[in-house]
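Before any comments, here is the structure.
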Amino acid sequence: MGALVVQDPGLLATVQDAGRFGWQRFGVVVAGAMDLFALRAANALVGNGADGAAIEFTFTGGRYEVEGGPVRVAVTGGAFAVSVDGRPVAPWRSFTLRPGEVLAIGPAPDSLRGCLAVAGGFDIPPVLGSRSTHVRSGIGGWQGRALRSGDRLPLLPAAAGGELELPPSALPAAPDRLRLVLGPQDGHFGEEAIAALTGGSYQVTADADRMGYRLSGPALTHLGGDNIVSDGIALGSVQVPASGQPIVLLADRQPTGGYPKIATIITPDIGALARVGPGASIAFTVIGLAEAHAIRRAWDAALAGVPDLLRPALGAGNLYDSERLLSLDLIGGPIPD
Amino acid sequence: MTAGAYDEPRFLPAGDAALTVELGDSVDPVVNRRVLEFDRRVRELDIPGIVESVPTYRSLFVQYDPGRTGFAALVDRLRPLVPAGDVPATGRRWVFPVCYGGEFGVDLDFVAEARGLSPDQVIALHLAAEYRVYMIGFAPGFAYMGGLPPALHTPRRASPRLRIPANSVAIGGIQAGITSIPVPSGWHLLGRTPAEMFDLARGDDAFLLAPGDLVRFERIDADTFARLEAGGGTIARQAG
């Protein structure tokens, strides 16, 4: 049986799918990929379904090998410096990785996080309905933890398929301002706080991970106390502790919490936040719920339509294109497999 | 009407895929019973577009698929399901064996000293009370319980411990709890139960406690703890 072998997981690599829903009532974190478009695209490029699991990596993707036969893989999420045995391969496309070759994923200028999908997917049992990893509680993914060098992830059999690419026009455009819907506890803040939230810009602090991003910028003042009786927390929730400095809660958010939540970033804009890290400057704008739903439905349709946009991969990145052939020593002997 | 309960439920948007229905603004058993009954009715109807619901102390969080429903449509479906008045308690009753003090409850002596009691008095007070699970949160299966006798109310540690063991019977402020996995915590550890609060091998019953459940404790010694733990199986009893 085939396997993906981790030579180097990079800064943080975890197995993630679209998240673990239905168990928040028991305190189980949803988790899932931070950038759902990147996950969807990676799965589609290797012929996996929308519910497939991929490796989400951070900053650099590290190095991987395959065992047991060639397999199609794809790296998405940004313009990552992907190479196979040192030969560059384009991101946002699938290509074949062969036993003995080393896939290396370096940093991207435009994204902190990316996804690596493998055709067929990982032969990892779902836990509570999902293969997503939540490291803090040790649930799901590969042994409930981040990947380590030497891990050998078994692969499920893959259907045959060609090497595909996502046209650049299909890539998500980064919004200038992240869009917010006010609530659920905007009533705990005055108009000044809402004006401060949308008027200035915020920096992502060093305290930024899959659970949430602590921001630094104009302080948001509570009208009353800074504690509420703990209640449910949505993806993208902007909670405001006593300091007045907001915290955006993301994939690994805890299901309940006790700070007032002034607003919620809409789901389609979460990926843009996931792609930036500490030091990034972000700004917000408030939209109405009807507009948020219209944007969300269009985004859902775009995600569902990703497989239809794929086209056969051509040009740089194809391991059998002219670049690769030129890189081989054609005079010295037969073309190696 | 109970203190802390709103006259009318508040339907609050939580982004494009969730809403919060607040029934009150305080930790109150009457409000919480209404939340749990509301949750039960919502789940029973299996309303199209609802992904999951999360009952908390005083509100119901509803995750939905905006491709299948909308905020106004959901409010129309949910509003008639909010219980009007008090509702009877429906939770299961549990008895958990606990070994107090020593390595099982390293903060027993601290709590006794802080409250001006002997360790045995702390144990007697803790054993005499019945606790109610308000909600599960913080960590998978961690039960937030009310009912801690006022004589045992103890502020949390100024500096949380980085890791306390699973199945610890603990108190923090006015609340009582049982941990389900090793977690960082500022709560005080009184003892430990040999019952596994969280075990994925149990499938849909991975979590022992659910909101609304009632919990009592019974004291066991270290030998009994070891015997029960080694024996495995269902150690916590459901009673009455």
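Kindly indicate whether A:Ser237 is hydroxyl-bearing (Ser, Thr, Tyr), within 10 Å of chain B (Cβ to nearest Cβ) and surrounded by 24 or more Cβ atoms within 10 Å (Cβ to Cβ). In short, yes. The set of residues in segment A:211-233 being part of a loop (DSSP other than H, G, I, E, B) and more than 24 Å from B:Ala5 (Cβ to Cβ) consists of A:Met211, A:Gly217, A:Pro218, A:Ala219, A:Leu220, A:Thr221. The sole residue among B:Pro9, B:Pro48, B:Pro29, B:Pro55 that is in contact with a helix residue (DSSP H, G or I) (Cβ under 6 Å, 6 or more places away or on another chain) and not aliphatic (A, V, I, L, M) is B:Pro55.
When B:Gly186, B:Gly147, B:Gly231, B:Gly172 are checked against the criterion of being touching a His at 6+ places or on another chain (Cβ under 9 Å) and small (Gly, Ala, Ser), B:Gly172 stands alone in meeting it.
Here is a yes/no grid of residues against (1) within 14 Å of chain A (Cβ to nearest Cβ); (2) open to solvent by 70 Å² or more (accessible area, probe 1.4 Å); (3) over 28 Å from B:Arg58 (Cβ atoms); (4) in contact with a helix residue (DSSP H, G or I) (Cβ under 7 Å, 6 or more places away or on another chain):
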site: B:Val98; (1), (2), (3), (4): no, no, yes, no
site: B:Val106; (1), (2), (3), (4): no, yes, yes, no
site: B:Val133; (1), (2), (3), (4): yes, no, no, no
site: B:Ala139; (1), (2), (3), (4): yes, no, no, no
site: B:Ala143; (1), (2), (3), (4): yes, no, no, no
site: B:Arg157; (1), (2), (3), (4): no, yes, no, no
site: B:Gln175; (1), (2), (3), (4): yes, no, no, no
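Considering only residues that are part of a strand (DSSP E or B) and either within 16 Å of the chain's Cα centre (by Cα) or acidic (Asp, Glu) (or both), which ones fall in segment A:94-107? Selection gives A:Ile105 alone.
Determine which single condition A:Ile124 fails, assuming it passes every other condition in (1) surrounded by 14 or more Cβ atoms within 10 Å (Cβ to Cβ); (2) not assigned by TED's automatic domain parsing to the domain that holds A:Ala50. If we test A:Ile124 against (1) surrounded by 14 or more Cβ atoms within 10 Å (Cβ to Cβ); (2) not assigned by TED's automatic domain parsing to the domain that holds A:Ala50, just (2) comes out false. Within segment B:22-40, is even one residue touching a residue at least 12 places away in the same chain (Cβ under 8 Å), closer than 19 Å to A:Gly257 by Cβ and among the basic types (Lys, Arg)? Checking segment B:22-40: not a single residue is touching a residue at least 12 places away in the same chain (Cβ under 8 Å), closer than 19 Å to A:Gly257 by Cβ and among the basic types (Lys, Arg).
For segment B:36-58, the criterion of being away from chain A (no Cβ under 11 Å), in a loop (DSSP other than H, G, I, E, B) and among the basic types (Lys, Arg) is met by no residue.
For (1) β-branched (Val, Ile, Thr); (2) touching a His at 6+ places or on another chain (Cβ under 7 Å), each residue gets a yes or a no:
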position: B:Ser53; (1), (2): no, no
position: B:Tyr57; (1), (2): no, no
position: B:Leu60; (1), (2): no, no
position: B:Pro66; (1), (2): no, yes
position: B:Ala73; (1), (2): no, no
position: B:Asp76; (1), (2): no, no
position: B:Gly91; (1), (2): no, no
position: B:Val95; (1), (2): yes, no
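Restricting attention to segment A:269-290, the residues being within 11 Å of chain B (Cβ to nearest Cβ) and out of contact with any strand residue (DSSP E or B) (no Cβ under 8 Å at 6 or more places or on another chain) number 2.
A search for C-beta distances below 8 Å between a residue of segment A:120-134 that is aromatic (Phe, Trp, Tyr) and any residue that is part of a strand (DSSP E or B), counting only pairs 6+ apart in sequence or on different chains, returns A:Phe122/A:Leu4; A:Phe122/A:Val15; A:Phe122/A:Leu153; A:Phe122/A:Pro154; A:Phe122/A:Leu155. Within segment A:251-272, the residues that satisfy the criterion of being of a type in the set (A, V, I, L, M, F, W, C) and either within 20 Å of B:Val183 (Cβ to Cβ) or crowded, with 23+ Cβ neighbours inside 10 Å (or both) are A:Ala251, A:Ile262, A:Ala263, A:Ile265, A:Ile266. Take A:Val71 and decide whether it is modelled with pLDDT of 95 or more and open to solvent by less than 10 Å² (accessible area, probe 1.4 Å). No: the conditions fail for A:Val71. Within segment B:5-27, if we keep just the residues that are over 17 Å from A:Ser237 (Cβ atoms) and more than 9 Å from chain A (Cβ to nearest Cβ), the residue that is most open to solvent (accessible area, probe 1.4 Å) turns out to be B:Asp7. A search for C-beta distances below 7 Å between a residue of segment A:267-282 that is over 19 Å from B:Gln63 (Cα atoms) and any residue that is modelled with pLDDT of 95 or more and among the hydroxyl-bearing types (Ser, Thr, Tyr), counting only pairs 6+ apart in sequence or on different chains, returns A:Leu273/A:Tyr213; A:Arg275/A:Ser111; A:Pro278/A:Thr205; A:Ser281/A:Ser201; A:Ile282/A:Ser201; A:Ile282/A:Tyr202.
The values are calculated or read from the model by the stated rules, or taken from the named source; none is laboratory data. In this text, all values refer to a predicted model and were calculated from it rather than measured experimentally. No Cβ is skipped: glycine too gets one built from the backbone with ideal geometry, and neighbour counts run over all protein chains shown. For accessibility, only protein heavy atoms count, side chains too; no ligands or nucleic acids. Shrake-Rupley method; radii C 1.70, N 1.55, O 1.52, S 1.80 Å.
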